[in-house]
Amino acid sequence: MGQPLAWACHPFDGFTPQALYEVLALRDRVFVVEQQSIYGDLDGLDQQALHLSGRSPEGRLLAYARLLPPGIKLDRAVAIGRVVVDASVRGTGLGRLLMQQALDAAESAWPGVEIGLSAQVNARSFYESFGFRTVSEPYDDGGILHEDMLRFAGRA
């Protein structure tokens, strides 16, 4: 990556209308159009989440992840989801930086709590490198194979 990104993590009401539009457009562009996955991205959970974004020095949204508190999607674990990097900066290490920022934000907001996610099967080794372990059989989610992964509290 060239210059460092500006990272922000905030609740839903911290969005400006423009910033919310940019996040939804990035999620749509990657998850629905690029990955050709037909699913309902607007699942009613954004309002309960923390939203992590990484922006270029010029303000362009390049990376995003959503963090849900325990009890919303997973019973006893924080759920990290909607992890996305803009196509123009893939292969630069930004995905690793985004995931580390998401883990740091989750651990700061909910210390000592397990963290889970639904990972695309082809990204298993990426998430394993952060201490996640597979806890489910593969399943179809929007036409793409996923599996549930968990990172136990206090484990890197």
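The values are calculated or read from the model by the stated rules, or taken from the named source; none is laboratory data. Values in this document were obtained by computation on a predicted structure and should not be read as measured data. We place every Cβ from the backbone using ideal geometry, glycine too, and count neighbours over all the protein chains shown. Side chains included, ligands, DNA and RNA excluded: accessible areas come from the protein's heavy atoms. Shrake-Rupley method; radii C 1.70, N 1.55, O 1.52, S 1.80 Å.
Here are the numbers:
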{"read-out": "For segment 49-100, Kirkwood radius (reciprocal of mean inverse C-alpha pair distance, Å)", "value": "11.8"}
{"read-out": "Inter-centroid distance (Cα atoms) of segment 26-83 relative to segment 105-128, Å", "value": "13"}
{"read-out": "Cα coordinate range in segment 5-101, projected on the principal axes (Å, largest first)", "value": "35, 29, 27"}
{"read-out": "Percent carbon-and-sulfur accessible area, the chain, ignoring ligands, DNA and RNA, probe 1.4 Å", "value": "54"}
{"read-out": "Near-label residues of segment 87-110 by backbone N, under 17 Å of a point 7 Å along Cα→Cβ of Ile72", "value": "102-110"}
{"read-out": "Segment 46-155: equivalent-ellipsoid semi-axes (sqrt of 5 x gyration tensor eigenvalues, Cα, Å)", "value": "21, 17, 13"}
